[in-house]
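What follows is a single structure, written as structure tokens, with notes after it.
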Amino acid sequence: MIYEFEGKTERDAIDKAVAELGLESDQFDVEIIEIQKNSLFKKGYAKIRVHIDREDAPVPQAAATPRESAQTSAEDKEKEQNLLNFIAELINTMGYTAKSEIVAREERKLLIKLSSDDSAILIGKKGKNLDALQLITNVYAGKLGINERIMLDCENYRIRREENLVRLAYTTADQVVTKKTSVLLEPMNPYERRLIHSTLADIHDVDTKSEGEGLYKQVRVLYKGL
């Protein structure tokens, strides 16, 4: 499914999409249609197109009832423990072992840390194994009635990956401006592509666009004069 949103900035447009669709920003793919920077005669704005997989499409939900206390209820704790047990069994089925624990709770999000002697395998090349484990975990969490989005991390891979991608974005932008050319980056998941787009959104003479089909598309960084 495809939706379009406008905002003062790309971040503002994405925030509007999150609020209206009731999804986390990593549950949909963002295509930047147009960005107009502030000038003397025009106000800046950003227009994006949001692509949502069918299984992530928003559906009507009954109003949530407030919890009796700010603490996690016994029922929620049981669901979360069942989820942690599921993750352990899933990894054990793969032939490996790992300890999983909830390390942070944010609004509509649970961060689960994996600790294992086989962390490199669980993460996989470019984090693809970790992404697959996260997808399966989120499906099972939905069946348990857990409403939060589950984020899996291992050996702080997510943070390290973000830092590397930001450096890659700036290095590529410098190359593109210097040589007045375009560079097609490696395939990335939707979250990683949005990170590249947002990092370079305010860089003069540089534009970005996603290319390809499926979950792992590529970002092209190009000189605006092309």
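Remarks
- Dipole moment magnitude, nearest 20 debye, region 167-226 about Cα centre, only Lys, Arg, Asp, Glu C-beta charged: 60 debye
- Amide H contacts of Cys154: Leu114, each under 5 Å away and 5 or more positions distant or on a separate chain (H built 1.01 Å from N in the peptide plane; Pro and chain starts excluded).
- Of the three principal axes defined by the Cα atoms of region 74-155, the extents in descending order read 34, 22, 20 Å.
- Separation between Cα centres of region 157-180 and region 184-224, rounded to whole Å: 10 Å
- Taking 16 Å as the straight-line reach from the Cα of Lys16, the lysines in range (excluding those fewer than 8 positions away in the same chain) are Lys8, Lys47.
- For Lys113, the lysines whose Cα falls under 24 Å of its own Cα, not counting residues fewer than eight places away in the same chain, are Lys77, Lys79, Lys99, Lys125, Lys126, Lys128, Lys143.
- Where Cα atoms sit under 16 Å apart: lysine pairs in region 157-226 separated by 8 or more or lying on different chains: 4
- Antiparallel DSSP beta bridges within region 74-155, as percent of all bridges there, nearest 5: 55 percent
Taken together, the values in this text are just the output of simple stated rules run on the coordinates, not laboratory data. All figures in this text were calculated on a predicted structure; none of them were measured in a lab. All Cβ positions, even for glycine, are placed from backbone atoms using ideal geometry, and neighbour counts span all protein chains on display.
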